[in-house]
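The values are calculated or read from the model by the stated rules, or taken from the named source; none is laboratory data. Quick caveat: nothing in here was measured; it's all calculated off a predicted structure. Every residue, glycine as well, gets a Cβ built from its backbone with ideal geometry; the counts of neighbours run over all protein chains shown. Heads up: the accessible areas ignore ligands, DNA and RNA and are worked out on the full protein's heavy atoms, side chains in. Shrake-Rupley method; radii C 1.70, N 1.55, O 1.52, S 1.80 Å.
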Amino acid sequence: MNNSCAIKTTGLSYHYSKNVQTLFGINLNVERGSIYGFLGPNGSGKTTTLSLLLGLLPHQRGDIEIFGQHLHASRINILKKIGSLIETPSLYSHLTAKENLEIYRPFYGVKRERIKEVLQIVGLEDTGKKTTKKFSLGMKQRLAIAVALLPNPELLILDEPSNGLDPGGIIELRQLVKDLNQQHGMTIVISSHILSEVEKMVSHLGIIYKGKMLFEGTLPQLHALRQKDARLLIKTSDNTAALPLLATYGPQVVGDAIAVHCSSNNDIAAIARSVMESNLDLFLLQPEENNLEQLFINLTTDAS
Amino acid sequence: MSILLSLRSETLKLKRTLAVYLCVAAAAFGPLMSFLEHMEPDEKLQQGLPWTQHFLEGREPICIALLPFYIILVCALMMQIENRDKTWKQVLSSPQPKINIFLGKFWVLQGMVLLFLLSYNLFTALTGGIIEIMDPAIYGGKLDLYQILTVNMQTWILSLGLSAIQFWISLRFRNFVAPLAIGLVGWFMSPMMLFQFKTDLVEYFPYAFTILSVMPDYKANIVTYQWYAIITAVVFLSIAYIQFRNRRVSA
């Protein structure tokens with residue numbers, strides 16, 4: 001295995017029942033020191049994949065290597081280097097924040113001071129004797145992140161960590177992820193179903209859809225892919241008259257606008273010029289929103 | 001020792017839970033009944049070893065109902081902590097062998113049973129002491145400490161089969177009610193088998209072993225029942241561990 005890989009899965013498949021296959025030969029390559037966004041709509045297999053990486057589901061088919069070791073041969077050694085948050089916070093509601101951390105602290109061999117440190121990192125150092133059942137969802141999510149950070153992990157796996165966080169909390173989380181990666185060199189895998197939420201912080205991306213990997217690569221590679229399929233929305237004072245002018249760009253009427261294919265800035269300038277030179281008023285000239293759903297559709301179409 | 005870390009972690013989880021309060025409250029019941037009964041001079045008591053008698057009489061409600069109920073409830077409560085708060089996924093992704101998690105939980109359960117028996121003994125000593133202070137003529141006799149210890153040990157061993165079955169059921173079912181219901185039905189079947197159906201099968205029924213230990217007709221076979229309890233515990237713990245090791249953890 002390449003030493004630069006933190007996670008490498010080969011042909012990872014899983015089914016919950018005989019007739020329902022959830023994962024189909026997932027090949028995941030997460031480089032050390034990267035922030036890897038694991039994207040996919042709900043039910044696409046993200047949590048199943050991450051659960052398999054943590055050994056929470058019985059191994060069926062395929063291979064999992066983490067830090068060059070096979071998960072099932074060195075489970076304990078590997079888990080000592082991993083911090084995780086899988087979907088909802090896993091906290092004992094009758095215990096305080098410190099007590100929740102104390103439950104796990106001895107397994108990672110870290111000192112008691114580490115509890116104070118991680119509580120400070122997530123801003124929960126002043127919760128005192130308040131039990132976690134009295135915490136807001138955002139506080140619970142932050143404490144769950146503190147549990148994940150407790151071992152000062154080399155690999156941090158966060159499954160939908162922004163669930164329950166308000167916009168301010170999401171921005172803080174984003175900054176925290178960047179800081180942990182840059183200052184502590186942590187490899188971070190963060191899953192989400194919202195592209196815009198993760199693309200501001202990740203260096204690499206994997207996109208999963210209906211249990212199959214559709215894309216894996218760096219953020220610039222994804223941008224290039226999106227650029228290839230990018231379309232421009234145009235509104236003019238007379239769209240019918242504008243259509244023949246845009247014939248070379250494959251125009252399509254979308255509502256009260258025209259969508260055209262556009263692969264460079266030169267194309268944009270040329271389109272604007274031809275509309276203006278025809279004495280049409282230009283009301284709108286903007287890239288069509290290339291959201292995750294559209295991207296899935298494009299990738300699925302490409303794949304087929 | 002990593003198993004001790006798991007044990008420590010499992011013990012910490014019981015902090016501020018009903019299991020701890022219940023341990024003290026349920027253990028006090030038997031001695032309290034015995035206390036109320038012995039406040040008046042009792043000729044029968046005076047003829048034997050009054051202190052020992054006080055201990056053994058307090059043990060009857062413990063063996064017949066309180067200890068089985070306590071085990072059924074504590075097993076369900078222990079697992080409910082993980083199920084209610086959806087903490088299994090964090091527990092199982094922490095770096096501890098699954099066998100340690102499993103044994104840690106079972107040992108904590110046994111610790112709670114022993115704590116229950118210890119509380120019962122302390123309450124018995126306390127209520128006996130109060131009686132002694134109130135009227136030294138009632139007791140005054142010596143205490144057969146060896147017999148008390150032996151009987152306590154027997155009670156614990158006899159409860160092992162029931163413990164293991166309820167532990168397995170509580171681990172298997174995610175809801176709180178099913179293990180309680182199955183446990184109570186199991187317990188209720190014991191007096192039914194004894195008094196209603198008068199069947200010898202009761203001697204092989206793990207829920208009945210602690211009850212049989214206070215029934216004069218069955219006392220002679222108490223060592224056999226202890227072996228049955230140990231065998232039952234080994235069998236059901238093995239089944240429970242195999243299922244636990246292969247379980248899926250949902251997010």
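Annotated for region B:2-245: lysine pairs at least 8 residues apart or interchain, Cα distance under 23 Å, count 15. Accessible area of A:I268 (1.4 Å probe, protein heavy atoms only, ligands and nucleic acids ignored): about 50 Å².
Which whole-number percent gives the relative contact order of region A:33-180, counting Cα pairs below 8 Å spaced six or more residues apart? Before the final figure, lay out the partial values.
Values: 170 pairs, mean separation 41.4, N = 148.
For region A:33-180, the relative contact order is 28 percent.
In the context of the full set of protein chains, region A:5-225 has a per residue accessible area of 40 Å² (1.4 Å probe).
Against the criterion of solvent-accessible heavy-atom surface with a 1.4 angstrom probe, B:M189, B:M215 sort, most first, into B:M189, B:M215. Taking both sides together, what accessible area is buried at the B/A interface, probe 1.4 Å, expressed in Å² and rounded to the nearest 100? The buried area between B and A, both sides summed, comes to about 2900 Å². Binning the alpha carbon pair distances of chain A at 10 angstrom intervals from zero yields the distribution 6, 24, 27, 20, 12, 8, 3, 0, expressed in whole percent.
Protein chains only, probe 1.4 Å: how do A:D126, B:D135 rank by accessible area, largest first? Kindly include the intermediate steps, with their values, before the conclusion.
Values: A:D126 140, B:D135 55 Å².
The ordering from most to least exposed comes out as A:D126, B:D135.
Shown for region B:48-96: residues covered by the partner protein chains by 20 Å² or more of accessible area relative to the chain by itself (probe radius 1.4 Å), namely B:R84, B:D85, B:K86, B:T87, B:K89, B:Q90, B:L92, B:S93, B:S94, B:P95, B:Q96.
Would you list A:K98, A:K81, A:K111, A:K46 from the most to the least accessible area, probe 1.4 Å?
Details: A:K98 120, A:K81 65, A:K111 150, A:K46 10 Å².
From most exposed to least exposed: A:K111, A:K98, A:K81, A:K46.
From largest to smallest, the equivalent ellipsoid semi-axes obtained for region B:1-120 from the alpha-carbon gyration tensor read 38, 14, 10 Å. On a 0 to 90° scale, report how tilted helix A:167-184 is relative to the longest principal axis of chain A, with both axes built from alpha carbons and the result rounded to the nearest 10. Value to nearest ten degrees: 70. Which angle from 0 to 90°, rounded to the nearest 10, does the C-alpha axis of helix B:98-134 make with the longest principal axis of chain B? In chain B, helix B:98-134 runs at an angle near 20 degrees to the longest axis. Bridging of A:K8 to lysines at a Cα separation below 21 Å is possible for A:K46, A:K80, A:K81, A:K210, A:K212, once same-chain residues fewer than 8 apart are set aside.
In region A:94-123, the residues that give up 40 Å² or more of accessible area when the other protein chains are added, compared with the chain on its own (1.4 Å probe), are A:H94, A:E99, A:I103, A:Y104, A:P106, A:F107. GNM remark for chain A: springs join alpha carbons under 10 Å apart, and the peak mean-square fluctuation among A:G255, A:G83, A:G33 falls on A:G255.
Find the relative contact order for region A:231-287 and round it to a whole percent, using C-alpha pairs within less than 8 Å whose residues are 6+ positions apart.
Numbers: 80 pairs, mean separation 29.4, N = 57.
About 52 percent, as a whole number.
Give me the residues in region A:54-70 whose solvent-accessible area, probe 1.4 Å, is reduced by at least 30 Å² once all protein chains are included instead of the chain isolated. For region A:54-70, once contacts with the other chains are taken into account, A:L56, A:P58 lose 30 Å² or more. A crude spin-label estimate for the pair A:K134 and A:Q183, with each label 7 Å from Cα along the Cβ direction, gives 3.0 nm.
Around A:L23, under 12 Å between beta carbons, what's the net of Lys plus Arg minus Asp minus Glu among the other residues? Display every interim value, and only then the final one.
Working: positive: A:K46, A:R61, A:K210, A:K212; negative: none.
With Lys, Arg at +1 and Asp, Glu at -1, the neighbours total +4.
Quick check of the Kirkwood formula: for region A:207-287, what is the inverse mean of 1/r over all pairs of different Cα atoms, in Å? Walk me through the intermediate numbers first.
Working: mean 1/r = 0.0716 Å⁻¹.
Result for region A:207-287, one decimal place: 14.0 Å.
To the nearest ten degrees, helix B:18-38 and the longest principal axis of the Cα atoms of chain B are 10 degrees apart.
Enter the accessible area per residue of region B:2-245 (Å², integer; probe 1.4 Å; all protein chains in place). If you can, show how the numbers build up before the last one.
Values: 11020 Å² over 244 residues.
Accessible area per residue, region B:2-245: 45 Å².
For region A:151-167, the residues whose amide N sits under 17 Å from a probe point set 7 Å from the Cα of A:H193 along the beta carbon direction are A:159-165. Ligands, DNA and RNA left out, the 1.4 Å accessible surface of region A:170-256 is 53% carbon and sulfur atoms. Annotation: for a label point projected 7 angstrom from Cα along Cα→Cβ of B:R8, residues of region A:81-117 with backbone N closer than 13 Å are A:102-113. Computed on the Cα trace of the protein assembly as shown, the radius of gyration divided by the Kirkwood hydrodynamic radius gives Rg/Rh = 1.17.
Taking every residue in B:9-20 and counting other chain Cβ atoms within 10 Å of its Cβ, the average works out to 3.
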